[in-house]
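Below is one structure, written out as structure tokens; the observations come after it.
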Amino acid sequence: GQERRQHRGPLLYFAEDHTSMGADVIATAHFSIGDLVQHKLFDYRGVVIDVDPRLMLSDEWYETVARSRPPKDQPWYRVLVHNAIHETYVAERNLEADTSGEPVRHPLIDAFFHNFTDGHYLTAGPIN
């Protein structure tokens, strides 16, 4: 198979309703699929497996789980947590780059990625 490196620059998302927002960019994601990240508040590291342009879960989830009340209209990320079996859904505001260069140990790594090079995970093709 042909190796494909995920986009490494900012991902731009456009408003779904162009009449109310114009064609203006509403959010720019700082992390991409395969990037290593560190949670600023809970001090765990992981790898990004999905990026949403804004919160995609329910208001009930937000009120119950997102206690630091991060912005809903900024990017949110699905992250596989290092040395764990779960994933988290994290607002960009609570993440920073993990510069350790060390791979993430998680049972689902191979379901999403096929290689780890230069501190970044690579996929074989589109994930979703």
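Quick rundown of the values:
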quantity	calculated
Residue under evaluation residue 31, criteria (1) modelled with pLDDT under 95; (2) of a type outside the set (A, V, I, L, M); (3) surrounded by 16 or more Cβ atoms within 10 Å (Cβ to Cβ), criterion not met	(1)
Positions within the range 40-83 being within 26 Å of residue 107 (Cβ to Cβ), out of contact with any Leu (no Cβ under 9 Å at 6 or more places or on another chain) and of a type in the set (A, V, I, L, M, F, W, C), in sequence order	41, 42, 56, 57, 81
Counted residues, the range 84-121 - those being without any contact (Cβ under 8 Å) to a residue 24 or more places away in the chain and surrounded by 17 or more Cβ atoms within 10 Å (Cβ to Cβ)	1
Number of positions in the range 50-61 that are in a loop (DSSP other than H, G, I, E, B), closer than 23 Å to residue 36 by Cβ and open to solvent by less than 80 Å² (accessible area, probe 1.4 Å)	2
Looking only at the range 62-74, and only at residues there that are within 15 Å of residue 40 (Cβ to Cβ) and either of a type outside the set (Lys, Arg) or in contact with a Pro (Cβ under 9 Å, 6 or more places away or on another chain) (or both), the one that is most open to solvent (accessible area, probe 1.4 Å)	74
Some residue of the range 103-119 being touching a strand residue (DSSP E or B) at 6+ places or on another chain (Cβ under 8 Å) and of a type in the set (Asp, Glu)	no
Single match in 105, 69, 45, 78 (criterion: over 15 Å from the mean Cα position of the chain (by Cα) and modelled with pLDDT of 95 or more)	105
Pairs where the first residue, in the range 35-49, is touching a residue at least 40 places away in the same chain (Cβ under 8 Å) and open to solvent by 40 Å² or more (accessible area, probe 1.4 Å) and the second is acidic (Asp, Glu) and not in a loop (DSSP other than H, G, I, E, B), C-beta under 7 Å, 6+ apart	40/96
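The values are calculated or read from the model by the stated rules, or taken from the named source; none is laboratory data. Please read all numbers here as calculations on a predicted model, not as lab measurements. Positions of Cβ are backbone-derived with ideal geometry, glycine not excepted, and every protein chain shown enters the neighbour counts. Heavy atoms of the whole protein, side chains included, go into the accessibility calculation; ligands, DNA and RNA do not. Shrake-Rupley method; radii C 1.70, N 1.55, O 1.52, S 1.80 Å.
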